[in-house]
Every structure is written in C-alpha cells, then in structure tokens.
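Working notes, structure below.
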Amino acid sequence: MKTYTLRPQIVVGRQEHHQLQVLAMAGTGHSAEAADDLLYEMERAQVVPDAAIKHDVVRMGSRVQYRTDTGECHEVTLVYPGQADILARRISVLTPVGTALIGLRTGQSITWTTRNGTRNVLTVLAVFRPDPDPEPDLAA
C-alpha cells in the first residue's frame, strides 16, 4: 500500500483561480467532495498574474501528457465540466485527475485519489498551451 503523498507547489493565474473557486462553490452538477478537492488545490496554489503563467504549467484548456505510477501514459485536455467529453479525452477539472493536474508543471508528480479511494501518483510529461482564453462553461 502506498503511504506517501506528493503535493508539489502549483501555480494558477489570477483570473482562472477566481473562475475555479466560483465553479467549486457553485455546488451544482458536482459532488461536495469534488468541490472540496478543487477548493483545497486553489487554497494552496500560488496565484500569479495571468501573463506570468509559464508555457509548461497546466491550465484550463491545456493538453497534457502524463504517466501514472502503474506506467500508463495518457493524453487529455483539461476543461470545464460543460465541455467534458471522455471519448474526445476532454476531462473536467472536477474529476480527481483533472483536479490533480491543474497548476502542475512538466516533470512534477502528485498523489491523487480515485473516486473509489485508491491512491495513485501521476507525473506530467508534457504540457501544450491552450487556445487563447478558453471560454469557461461552468455548467456541469
């Protein structure tokens, strides 16, 4: 059983930080646990001016390649709940993996817990910059 917890420093732009807090506090279309997890990440995030976000930081709309501690590699795009489409590999920031990814940089690893309570680790392998200003669709 894994007993370690990795919680690296994360960085979030000021506008996105605000939007994600509003999303988590809205309380519609997602569980209280998902909201709490996202709020926890926003509380511990280093909030910086939007223009200061480096290209290798996961933000909304980023396409991300990551590897799990089981060696599986995945490529997903991080989106707001209303834009999620698992078949298109567009995952909501309110999923456990989505919440774990936000604010990480290439090379960072984080421990995250699945919906069934299993603890895992993922490592960001690459981040591809999102399209300019993805529209926040805060609906779930």
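Among 123, 99, which is at pLDDT 95 or above, touching a Leu at 6+ places or on another chain (Cβ under 7 Å), on the phi < 0 side of the Ramachandran plot and of a type in the set (Ser, Thr, Tyr)?
Numbers: 123 fails: touching a Leu at 6+ places or on another chain (Cβ under 7 Å).
So the residue among 123, 99 that is at pLDDT 95 or above, touching a Leu at 6+ places or on another chain (Cβ under 7 Å), on the phi < 0 side of the Ramachandran plot and of a type in the set (Ser, Thr, Tyr) is 99.
Considering each of 113, 118 in turn, give the residue that is loosely packed, with under 14 Cβ neighbours inside 10 Å and either within 20 Å of residue 15 (Cβ to Cβ) or modelled with pLDDT under 95 (or both).
On inspection, the qualifying residue turns out to be 118.
For residues in the stretch 21-72 being among the small types (Gly, Ala, Ser) and surrounded by 18 or more Cβ atoms within 10 Å (Cβ to Cβ), which is nearest to residue 10 (Cα to Cα)? Applying the filter and picking the extreme gives 45. Scoring residue 36 on the criteria (1) over 13 Å from the mean Cα position of the chain (by Cα); (2) modelled with pLDDT of 95 or more leaves a single failure, condition (2).
The values are calculated or read from the model by the stated rules, or taken from the named source; none is laboratory data. Remember, it's a predicted structure, so these values are computed and weren't measured experimentally. Cβ atoms come from the backbone with ideal geometry, glycine included; neighbour counts cover every protein chain shown.
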